[in-house]
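Following: one structure in structure tokens, then a few remarks.
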Amino acid sequence: MGESERPGITRRSAVVGAGAAAVVLGLGGFRFLPTEPTLRPPGGQATDQVVSACIRCEKCYEICPREVIVPSHIEAGILNMRTPTLDFSGDYCDWCGEANNGDPLCDKVCPTLALRLPEGASAKNTIIGVAELYTTWCLAYKLIGCRFCYDACPYEAMELDGNNRPYVLNDRCNGCGACESVCVSLQSGSIAEGADERAIIVRPLRQDGSVLYRWKPS
Amino acid sequence: MRIASLRVLVALAVIALITIGFVTNIGIGTLSSFGWSDISILCPLGALTTMLGAKILVPRALIALVIVVILIVLVGRAFCSWVCPVPLLQKLRAVFRKDSKLTTPDEESTVGTGDTDTTATCRSAASLKTQSTAPPRVAGKAEKASLCHSNGDASNCSSCAQKRGTLDPRHFVLGGSLLSAALFGFPVFCLICPIGLSFAAILLVVRLFSEGDLTWSIVIVLLLLTVEVLIFRKWCSQICPLSAFMSLLAKVNRTFRPAINKATCLETAKGIDCGLCAKACPEDIDPRHPKRSYAPMSECTKCLECAKACPTKALRLPFLPGSRANGAGSDDSGGLGGSGGPNTSEQERAA
């Protein structure tokens, strides 16, 4: 085939190639940039695992029947960009209880085991995050009597105080997002000044398992 | 239908299908993992780097890898010309070109199909030639000779013995990607892969309009794509590690290779220095003379431009070498024919 007469590699190719390879190796350095903890779909709780194995194929966003899986953005860090995260503004994660009998479809379709549930993992014992209720923005704390989040919680992780104001039981909350998805604090007239998100938001966990609260000191 | 339009249509259909996947819940995935629900073909580089990065063996990735290897052995780099969205995006380069004076459909089609724009003039000579056979053949030949040689198109000129090396920058990028994934523990090339970024761009735009999801990611993704696709003109042939992976495996590809029927080929049958198939090739392969070819046959993307360019339809890409009834030799016989061919052409040139 005449392959023998072919030059192995020209000098120019070698130089360009070495440069390009160095760039790809250099990109690996993004690993050492600080990466914000972010909410992950069931099975993605080990952050390292998602970043290491996710090939950004976008399959989990597509398959999610409640459309709560969305791509992370550059704002969450370069390594997180285009990896899956959760957005509970429209719906919550029921572990595909309705769509697939409680077997999360995102884990089923993930081709690279970036989302991988450990043995015996269930909706109850997998902590996606923990809900944080910010009383300054919460309608109930203005004694309006709103209790949508309390009613929505499927894990009985919320209670009402003497004034019918809901609060979160941290040790029972697994971060499914049901409370966040029904919170009306932003929709029904922005009562609280400066409110840029709902009054109850699921916060991600850090690597050490502590919650990354926005308001509460942790 | 013109073969270039057909390729564009196929690539557009793939993009359309994937976009439908984005707005439904079928789970078609993108080209990174294309399929239905939990059955999907993985990008071979993605599959390799994810396993190197996460340091685990992923059964599904291994199976996908085997399937992809089989596909590459069967069809070589056909993905590059028929499915990949990047050559499609590269066509946009024509929009940004200052001298858009020559915008006959023929010229447009040659932009972006490969990295050689020098073939444009030769191609128009080819189209002249294909219209009828007898008298324009001479004119076409003369035209071709003058135009292409003045273009300094070294790839098809046997006296300029420059050849594409067996290794080129792509292979360094491939090696760098694998090493980088292993060292830093994540699929590094996925961050900048223009195929992945193309579909990320579509998804982000869909989400921008459907969910009001406004993010800097859109700017970053589009910027990276622009740099890679519009500024790095030779991305596909010089940088893309997937192209490197495919061309390495395509060395054993024997199916759908250009085969020439010596009875009808102008060069062997009538001793005419035709060379239109070589001129048509966007990868700078010379199907008539594989031995003298600038690029090895493993670079063939099965784009069918050579078959289309052949004025006597002597060139085909049969499933198996020599399986077609037209007495076609394999590319090997093309090579042997080439040993007769150059003599005749050199005689002519001397004359």
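Springs between Cα atoms under 10 Å define the GNM used for chain A, and in it the highest mean-square fluctuation of A:Val23, A:Val51, A:Val184 occurs at A:Val23.
A Cβ-based charge dipole, computed about the Cα centre of chain A with Lys and Arg at +1 and Asp and Glu at -1, lands at about 640 debye. Counting only GluC sites (Glu not before Pro) that sit in a DSSP loop (anything but H, G, I, E, B) with at most 15 other Cβ atoms within 10 Å, what is the longest stretch of chain A containing none of them? Result for the longest clean stretch: A:1-66.
The gain in end-to-end length when the A:Lys216 to A:Asp151 segment is fully stretched comes to 21.1 nm, 0.36 nm per residue minus the alpha carbon separation. Note on A:Leu160 and A:Gln207: with the Förster distance fixed at 45 Å, the Cβ-Cβ geometry gives a FRET efficiency of about 0.85. Interface residues of segment B:199-217, defined as a loss of at least 40 Å² in heavy-atom accessible area between the chain alone and the complex of all protein chains with a 1.4 Å probe, are B:Leu203, B:Arg207, B:Ser217.
Distance between the modelled labels on A:Val15 and B:Val10, one decimal in nanometres: 3.8 nm (7 Å Cα→Cβ projection). Residues of segment B:24-39 that lose at least 50 Å² of accessible area (1.4 Å probe, protein heavy atoms only) when the other protein chains are present, relative to their chain alone, are B:Asn25, B:Ser37. Heavy-atom accessible area buried between chains A and B is around 5000 Å² (1.4 Å probe, both sides summed).
Of interest is the spacing of the C-alpha centroids, which for segment B:40-80 and segment A:36-69 amounts to 21 Å. Both radii were evaluated on the Cα set of segment A:35-126; the Rg over Rh quotient, with Rh as the Kirkwood radius, amounts to 0.93. Judged by a Cβ-Cβ distance under 4.7 Å, the unpaired cysteines of chain A are A:Cys54, A:Cys57, A:Cys64, A:Cys93, A:Cys96, A:Cys110, A:Cys138, A:Cys146, A:Cys153, A:Cys173, A:Cys176, A:Cys183.
The angle between the Cα long axis of helix A:11-27 and the longest principal axis of the Cα atoms of chain A comes to about 20 degrees, rounded to the nearest 10.
If you plug the beta carbon distance of A:Ile144 and B:Val205 into 1/(1 + (r/R0)^6) with R0 = 51 Å, you get a FRET efficiency near 0.85.
Inter-chain Cβ neighbour count for B:54-63, averaged per residue, equals 4 (cutoff 10 Å, partner chain atoms only).
Let me check I've understood the local charge: for B:Leu197, count other residues with C-beta under 10 angstrom from its C-beta, Lys and Arg +1, Asp and Glu -1. What total comes out? Net charge in that neighbourhood comes out at +1. When the solvent-accessible area of segment B:182-319 is split by element, carbon and sulfur atoms take up 69 percent of it, the probe being 1.4 Å. In plain terms, the chain from B:Leu223 to B:Lys270 could stretch by 11.7 nm, reckoned as 0.36 nm per residue minus the Cα-Cα distance.
The residues of segment A:1-150 expose, per residue, 42 Å² of accessible area to a 1.4 Å probe. For segment B:1-104, chymotrypsin sites (Phe, Trp or Tyr not before Pro) are listed when DSSP marks them as loop and at most 13 other Cβ atoms sit within 10 Å of their Cβ; the list is B:Phe96.
Potential lengthening of the chain between B:Ile63 and B:Leu17 amounts to 14.2 nm, from the contour at 0.36 nm per residue minus the alpha-carbon distance. The simple spin-label model puts a point 7 Å past each Cα toward its Cβ; for B:Lys313 and A:Lys124 those points are separated by 7.3 nm. For segment B:278-299, accessible area lost to neighbouring protein chains reaches 20 Å² or more, against the chain alone with a 1.4 Å probe, at B:Pro290, B:Lys291, B:Pro296.
With R₀ fixed at 56 Å, the C-beta to C-beta distance from B:Arg93 to A:Asn170 puts the FRET efficiency at about 0.50. Rolling a 1.4 Å probe over the heavy atoms of the protein chains gives segment B:179-267 an accessible area of 39 Å² per residue. Evaluating kT/(6 pi eta Rh) at 25 °C and 0.890 mPa s, with the Kirkwood radius of segment B:210-314 over Cα pairs in the Stokes-Einstein relation, gives 150 µm² s⁻¹. One compactness figure for chain A is 1.31, namely its Cα radius of gyration divided by 2.2 N^0.38 Å. Both radii were evaluated on the Cα set of segment A:104-204; the Rg over Rh quotient, with Rh as the Kirkwood radius, amounts to 1.06.
For chain A, the carbon plus sulfur part of the accessible surface works out to 52%, probe radius 1.4 Å.
The values are calculated or read from the model by the stated rules, or taken from the named source; none is laboratory data. A quick note: this is a predicted structure, and the numbers were derived from the prediction, not measured. Here the Cβ is made from the backbone with ideal geometry for all residues, glycine too, and neighbour counts use every protein chain on show. Protein only, heavy atoms only, side chains kept; ligands, DNA and RNA dropped before computing areas. Shrake-Rupley method; radii C 1.70, N 1.55, O 1.52, S 1.80 Å.
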